[in-house]
Amino acid sequence: MPGIVSQFQTAAENAKVAGFDGVELHGANGYLLDQFLRDGSNRRTDAYGGSIQKRARFPLEVAEAVVGVWGSQRVGYKLSPHFAGYSMSDSNPPETFSYLAEQLNRLRIGYLHVAEAIAGPMAAPAGTVRVTPILRDKFNGAMIVNGDYDAHSGHAAIARGEADLVVFGVPFLANPDLPARYRKNASLNLPEHATF
Ligand SMILES: Cc1cc2nc3c(=O)[nH]c(=O)nc-3n(C[C@H](O)[C@H](O)[C@H](O)COP(=O)(O)O)c2cc1C
């Protein structure tokens, strides 16, 4: 495990040499950090599996190593409480991700990037709790929200205090001038999934 942590540290050092402004840890979408964190994928019985404290150990060791390279404010962490691709699942997303957010507070990282869509397959399934407002409450740094937002819903998320920044992915693919279009309230090209 320490060898894997040091690979992340090396990547962070390389990003610095390459002239990046900071790094975002990809703890979402079934990537390695996510696989350790969630109880649907982490079946280990050693010090890195079982309780939430143990499942969060690897992601937090990686975060600590990367903060050691960049300083806390140049590090962000992307997570996806409801991502269900690649057989990913968790029995209690609010509890799991709250614990992670509280521990990331300790490291004083710059932001959390929450991929919990407001609609579609990345959204909280019907009848389950949205995790974004809970993380907003727990986490002390900046919050970025991600998933199915447009100008209107993005402004609304900021207005109700749920986010500091909003990500746009798919709308950008069909509209490289997206900020200008949003500013002018202009119509948008429709995304063409076949050419993604
Ligand atoms: C074509 C395409 C490829 C993507 N590839 C990845 C990927 O490799 N890894 C990942 O974690 N997210 C990936 N994403 C998800 C985006 O990072 C983002 O979370 C998502 O697009 C949600 O924002 P949106 O609804 O505004 O598009 C991809 C999205 C799109 C549209």
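The values are calculated or read from the model by the stated rules, or taken from the named source; none is laboratory data. These figures come from a predicted structure and were not determined experimentally. Using ideal geometry, Cβ is built from the backbone for each residue, glycine included, and neighbour counts are taken over all protein chains shown. With ligands, DNA and RNA removed, areas are computed over all heavy atoms of the protein, side chains included. Shrake-Rupley method; radii C 1.70, N 1.55, O 1.52, S 1.80 Å.
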Report summary line: Counted residues in the range 167-196 being open to solvent by less than 70 Å² (accessible area, probe 1.4 Å), among the charged types (D, E, K, R) and under 13 Å from Asp150 (Cα atoms) come to 1
Query raised in the report: If we keep just the residues of the range 138-180 that are more than 13 Å from the ligand (Cβ to nearest atom) and in a helix (DSSP H, G or I), which is farthest from Phe196 (Cα to Cα)?
Result: Lys138
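Which ones in the range 106-118 are open to solvent by 30 Å² or more (accessible area, probe 1.4 Å), farther than 12 Å from Met143 by Cβ and either at pLDDT 95 or above or within 12 Å of the chain's Cα centre (by Cα) (or both)?
Quick first cut of the range 106-118, residues open to solvent by 30 Å² or more (accessible area, probe 1.4 Å) only: 106, 108, 111, 118.
So of that shortlist, the ones also farther than 12 Å from Met143 by Cβ come out as 106, 108, 118.
Scanning the range 106-118 gives Arg106, Arg108.
Per-residue answers, yes or no, for (1) more than 18 Å from His113 (Cα to Cα); (2) open to solvent by 40 Å² or more (accessible area, probe 1.4 Å):
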site: Gly19; (1), (2): yes, yes
site: Arg38; (1), (2): no, no
site: Asn42; (1), (2): yes, no
site: Tyr48; (1), (2): yes, no
site: Ser51; (1), (2): yes, yes
site: Leu60; (1), (2): no, no
site: Gln73; (1), (2): no, yes
**Report entry** Subset of the range 143-166 (residues that are surrounded by fewer than 17 Cβ atoms within 10 Å (Cβ to Cβ) and touching a residue at least 12 places away in the same chain (Cβ under 8 Å))
**Finding:** Asp150, Ser153, Gly161, Asp164, Leu165
**Report entry** Unique match (being within 13 Å of the ligand (Cβ to nearest atom), more than 16 Å from the chain's Cα centre (by Cα) and open to solvent by 50 Å² or more (accessible area, probe 1.4 Å)) among Tyr86, Tyr31
**Finding:** Tyr86
Query raised in the report: Name the pairs: first residue in the range 80-103 and part of a helix (DSSP H, G or I), second residue crowded, with 19+ Cβ neighbours inside 10 Å and of a type in the set (Phe, Trp, Tyr), Cβ to Cβ under 6 Å, at least 6 apart or on different chains?
Result: Ala101/Phe139
Report summary line: Checked the range 119-137 for anything open to solvent by less than 70 Å² (accessible area, probe 1.4 Å) and either within 12 Å of the ligand (Cβ to nearest atom) or in a helix (DSSP H, G or I) (or both); matches are Ala119, Gly120, Met122, Ala123, Thr132, Pro133, Ile134, Leu135, Arg136
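Would you mention how many residues in the range 181-196 are of a type in the set (Gly, Ala, Ser) and outside any loop (DSSP other than H, G, I, E, B)?
Initial filter on the range 181-196 (of a type in the set (Gly, Ala, Ser)): 186-187, 194.
Now narrow it down to the ones that are outside any loop (DSSP other than H, G, I, E, B): 194.
The number of residues fulfilling the criteria is 1.
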Query - Scope the range 186-196; condition at pLDDT 95 or above and of a type outside the set (A, V, I, L, M); matching residues - result: Ser187, Asn189
